[in-house]
Amino acid sequence: MELQKRNPIVNWIIKSKALGILFFVIIGALAVFKLGQSLIDNPSLFLQQVINGLQLGFVYALIALGYTMVYGIVRLINFAHGDVFMVGAFSSYYAIARFNLHLWVVALFPGVPVFAGQIIGTFTVIIFSMLICALLSFTIERIAYKPLRNAPRISALITAIGISFFLEYFSALKFVFSSNYITYKRPFDVKTWFVGPGGFGMIETGIAPPKGSIIFSNIFIIIVITSILLLFLLQYIVRRTKIGKAMRTVAYDKPTARLMGINVDAVISITFAIGAALAGAAGVLYSIAFSQVFFFMGITPGLKAFVAAVLGGIGSIPGAFIGALIMGQAETMAAAYISTPMRDAIAFSILIIVLLVRPKGIMGEITSEKV
Amino acid sequence: MKKKVILSLVILVAIAISACGPKAAKEIKIANLSPLSGPVPTFGTSTTNGFNLAVEEWNAKGGVLGAKIVPVVEDSQCTADPAVNAANKVIDQDGVKFIVGEVCSSASIPISLIAEEKKVVQISPTSTNPNVTLNVDGSTKEFVFRACFIDPFQGLVMAKFATDKGYKTAFVMADQGNDYVRGLAEEFEKHFLSFGGTIVGKENYTGTDTDFSAILTKVADSGAEVLWLPDYYNVVNLVGAQAKEKGVTAVMMGGDGWDSADLDLAAADGGFYSNHYSPTDTRQIVVDWVARYQAKYDSVPDALATLGYDATNLMLAAIEKAGTDDSTAVAKAMAELSFEAVSGKVTFDAQHNPIKSAVVLGVSGGAVTAVASVAP
C-alpha cells in the first residue's frame, strides 16, 4: 500500500497547532458571548452569580496556596492536602458543637458587644483549626515524607495518595468522625442584606428582597476578609521574614541552601505546616458556607484547588490566588448558564486546556520567588 | 460408626414424622417473614410487632372464617438466600398459604417468585421496588401485593397538596444520578402541570455537589412558590441552609427521603414532605392504633410496625372476603378489596400497588407534625 501524500495545507494545519488554537478561541468566544448575553438579559442575576463564584473562589484560594507552597519547595503534589482541609472542618465542628470554643473569649471578657463577640468567636475557631491542621501536617511530613526525601519523586507522590486514603477512611470510623453527614453549627447568626435599585437593607426570613437587587450575607464577607487577610499574611511571611527568605532559598536551590547553614528539613516542615494551616482555615470557611461536614468532603475541593494552583502556575502564590478565583467563577457560571452537572466537567477541562496550551500556568514564569 | 449412622437416620425419620403431624381442622396459618437479624433487624422487629398485634386482635374477635389464626414467624434476614429458605420452610413444612413479608425488596422479590410458583398469597408491607409485584415482562404477579405505595406516587400526592394550598408555580431540583429522586421529580412535574400549575424552572445536580448557590440564585430569581426537592435529608440540609441565605422564599417540599432524625429542622423550616404514616396524625384510627401499640410494646409505632399491621389486616380481610382459604380466591378478593387501614384507605390498582392516601408532614419551629392526609 502506498502512503498518500498529505495536502500541504493539511500539513501546515497539523504542524502549527492552528486547529487546537482555533478550537480554544471558538470555545472562548462562545463562552464570552453566552456570558455577555446573560449579563444583558438579567444583570442582577449575573452579578449574583459572580458573588456566588467569588465566595467559592476565595475558599479554593486558601487550599490552592498550600498546594502551591509545598510544590514550590519539595516538588511534591501533596494529595493529602484536601483531607487536611476535611480535618480542619471537623476540628472546628467539634470545637463549636462540643466545646463552644466560639464563646470562650466572650466569656473571658464579658461586656463585649454581641457583634464583635461573634467575629472574635469565629476567628478563634479558625485559628484553632489552623493550629490543629498545622500540627497534623507537621506530623505527616515527619512520618511519611521526610524519610523519602532522597527517594524518587514518584515514591513521595504515592505516599501522599496513601496518606490521603488513610485520613479519609480513618476519619470515617465510628469513634473518629463517623461516616455520617453532620450538620455544621455556625459560630454566628447568618444575616443577609440586599443592595440594588430597591435600596439597601437586611432581609427578613421568608420575605423576598425587591426584584433586581443583589444579595450577600455575612458568610460572604467573612470568607472574603479572612482569605485576603491570610493571603497578605502569607505574602508578608514569605517576603519579609527570615523564615520566608529561607523558604525562598530552599525552593531555589536545596543543596546550596544547606551549605549556607539553613536547616532545610525544618524549613520544609514549616512550609507544610503553613500550607496546612491555610487548608484548615479553608475547611472552617467552607463548612460555614455550606453547613455540612462529612469524611469525604475534602476530595472535590482539594482536586479543584489543585487545578486552580496549576492554572495560576504551580509554585506561584499570587498565581494560585488568581487561579482559584477563576476556578470559582468558571464553576459557578457553568452551573448557572450551562447546567449544574457540567460544573465539574468544566473545572477539569480547564486543567487539560492549561496543560495543553500553557503548562506553566498564568503566573508560572521562572522567577526566584517560587515558594 | 455404623451405629452413629443408624442413630442419625432414626433421628431424621423421627423429625420428619413429627413435622407431618395431623392438621387441626379449624385453623388458618399465616406466616410473617421479617429481617429479625441481618442488616436491618430493627425494621424486622417493628414489622413483626405489627403482625403479631394484628393476629392477636383478629383472634380476640373470633379469628377468620371461624378458624383460629396461627402465626408463623421466620427470620429472612433482608437477603435473598435466607428469604428463599424461610419461604420454602413455611410453605412446605408448615403448610402456610398466606405470607406477610418481606421488608426489603431484595428479599421480597425472590419470595414472590416462590409465591407465584406455589400459589401462595404474599403481601409485602414495605418493599417499594416495582418488580416485587411485576414479572420481568411487565405483567402483574397474580399472588403478590404490597401495602405501601411505591416511591413516585409521592410526586402525585405532593403535587396535589401544593395545588390545594394554592401554589401555582414550582421549581424542580433533582439529582440526575439517583433513580428515587428522578422518579419523584418526574412524577411531581407531570401531575403539577396536569393540576394547572406551572414549572418555572428545572435544575439537575449531582450527588457530590455541596455548593447549590448557582441553582438557588435562579430559584430566587424565578419567584417560584414551591421548591420541589425530593432528595434525602443530607441534601435537604445543605439546600435548606443555603436557600435561606440566598433570599429564596419558595416553600420546600419533598418525599419520605426527608424522614430522618438527622434532618436539620432549622434548615428545612417551613417545608413539607410526604410519608406513609405519622404517629402525630390526628385521625381517630391512627390515635387508637398508637394507643393500642403503646399499651402492648411500650413504644410509639413507626412506619414499619404500622405497615406490618396494615398488611396483615389486608391479608385477613381478603381471606374473610373470599369466604374460603383457597389462595386463588383470596388473591382475587384482595385485588378487589377496599379496606380502611391505619395508613389510609386502601384499594389496589392493576399492578397490585395500593391506591391510598399519604400523610403530609410539616416542619415548623423545630418540630415535625402531620398537617394533612392527602388522597390521590
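Bear in mind these aren't lab numbers, they're just calculated from the coordinates by the rules spelled out. No experiment lies behind these values; they were computed from the predicted model shown. As a convention, Cβ positions derive from the backbone with ideal geometry for all residues, glycine included, and neighbour counts pool all protein chains shown.
Given R₀ = 51 Å, what would the calculated FRET efficiency be for residue B:190 paired with residue A:357, taking r from the Cβ atoms and rounding to 0.05?
0.65
Using the Cβ atoms and a cut-off under 10 Å, what net charge is assigned to the surroundings of residue B:128, where Lys and Arg are +1 and Asp and Glu are -1?
Charge balance near residue B:128 sits at -1.
Take the Cα pairs of segment A:282-323, get the Kirkwood Rh, then feed it into Stokes-Einstein at 25 °C and 0.890 mPa s and tell me D in µm²/s.
221
Principal axes first, then extents: for the Cα atoms of segment B:67-137, list largest minus smallest coordinate on each axis, whole Å, largest first.
36, 23, 19
Mind checking B:204-210 for the average number of partner chain beta-carbons within 10 Å of each residue's beta-carbon?
The per-residue average across the peptide is 5.
Among the listed pairs B:29/B:89; B:202/B:345; B:119/B:332; B:296/B:321, which are separated by more than 24 Å between their Cα atoms?
B:202/B:345; B:296/B:321
Could you tell me the ratio Rg/Rh of segment A:133-207? Both radii from Cα atoms, Rh via Kirkwood.
Here Rg/Rh amounts to 1.31.
Whole angstrom only: what separates the Cα centroid of segment A:100-171 from the Cα centroid of segment A:192-271?
16
Over 10 Å intervals from 0, what percent of Cα-Cα pairs in segment A:1-131 sits in each interval?
10, 18, 20, 22, 15, 8, 4, 3, 1, 0
What is the P(r) of segment B:129-171, as percent of Cα-Cα pairs per 5 Å bin from 0?
Spelled out bin by bin, segment B:129-171 gives 5, 18, 19, 16, 11, 9, 11, 9, 1 percent.
For the protein assembly as shown, what is one quarter of the convex hull surface built on the Cα atoms, given in nm²?
49.4
Count the net charge of all other residues whose Cβ sits under 11 Å from the Cβ of residue B:47, scoring Lys and Arg as +1 and Asp and Glu as -1.
Once all neighbours under 11 Å are counted, the net charge is -3.
When all alpha-carbon pairs of segment B:55-194 are counted, what percent fall beyond 27 Å?
Considering segment B:55-194, 39 percent of its Cα-Cα pairs are separated by more than 27 Å.
On a C-alpha basis, how far is the centre of segment B:19-90 from the centre of segment B:173-249 in Å? Whole number, if you could?
Answer, in whole Å: 42.
Where the Cα atoms of chain A are projected onto their three principal axes, how long is each span, largest first, in whole Å?
Extents along the principal axes, in whole Å: 87, 62, 43.
Need the list of aspartates and glutamates near residue A:304 for cross-linking: C-alpha distance under 17 angstrom, and skip anything on the same chain fewer than eight residues off.
A:83, A:331, A:344, B:209, B:211
According to the Kirkwood expression over distinct Cα-Cα pairs, how big is the hydrodynamic radius of segment B:227-376, in Å?
Evaluated on segment B:227-376, it is 17.1 Å.
I'd like the mean, over residues of A:174-187, of how many other protein chain beta carbons sit within 10 Å of each residue's own Cβ.
The mean count of partner-chain Cβ atoms within 10 Å per residue comes to 2.
Can you run phi through the Karplus equation (6.51, -1.76, 1.60; θ = phi - 60°) for segment B:142-147 and list ³J(HN,Hα) in whole Hz, with x for Gly and Pro?
5, 9, 10, 10, 9, 9
Rounded to whole Hz and in sequence order, give me ³J(HN,Hα) for segment B:326-333 from the Karplus expression 6.51 cos²θ - 1.76 cosθ + 1.60, θ = phi - 60°, writing x for Gly and Pro.
Along segment B:326-333, the couplings run 6, 5, 4, 5, 5, 4, 5, 5 Hz.
If you take the Cα Rg of segment B:283-370 and divide it by 2.2 N^0.38 Å, with N the number of residues, what do you get?
After normalising by residue count via 2.2 N^0.38 Å, the value is 1.28.
Out of every Cα-Cα pair in segment A:195-262, what percent are more than 17 Å apart?
64
Using only alpha carbon positions, build the gyration tensor of segment B:153-275, then give the equivalent ellipsoid semi-axes as the square roots of 5 times its eigenvalues, largest first, whole angstrom.
Each semi-axis is the square root of five times an eigenvalue, giving 19, 16, 14 Å.
Just how large is the dipole of the protein assembly as shown about the Cα centre, in debye to the nearest 20, putting +1 at every Lys and Arg Cβ and -1 at every Asp and Glu Cβ?
Using only the charged Cβ atoms, the result is roughly 2820 debye.
I need the P(r) histogram for chain B: all alpha carbon pairs, bin width 10 Å from 0 out to the longest distance, whole percents.
5, 22, 29, 22, 13, 6, 2, 1, 0
Count, for each residue of B:170-176, the Cβ atoms from other chains sitting within 10 Å of its Cβ, then give me the mean as a whole number.
1
With N set to the residue count of segment A:228-371, report its C-alpha Rg divided by 2.2 N^0.38 Å to two decimal places.
Computed over Cα atoms of segment A:228-371, the ratio equals 1.17.
Once you put a point 7 Å from the Cα of residue B:81 and another 7 Å from the Cα of residue A:24, both along the Cβ direction, what distance in nm separates them?
Inter-label distance under the simple model: 5.6 nm.
Using only Cα positions of segment B:17-132, each an equal point scatterer, no hydration layer, compute I(q)/I(0) via Debye at q = 0.13, 0.14, 0.17 Å⁻¹ and quote the log10 values to two decimals.
Reported log10 I(q)/I(0), two decimals: -0.47, -0.55, -0.80.
Which distance in Å, rounded to a whole number, links the C-alpha centroids of segment B:144-158 and segment A:45-86?
Segment B:144-158 and segment A:45-86 have Cα centres separated by 45 Å.
Hey, with R₀ at 25 Å, roughly what FRET efficiency would residue A:105 and residue A:175 work out to, going by the Cβ-Cβ distance, to 0.05?
0.25
Highest mean first, how do A:345-356, B:180-191, B:109-120, A:145-156 rank when packing is the count of other Cβ atoms within 10 Å averaged over residues?
Order by mean packing, descending: B:180-191, B:109-120, A:345-356, A:145-156.
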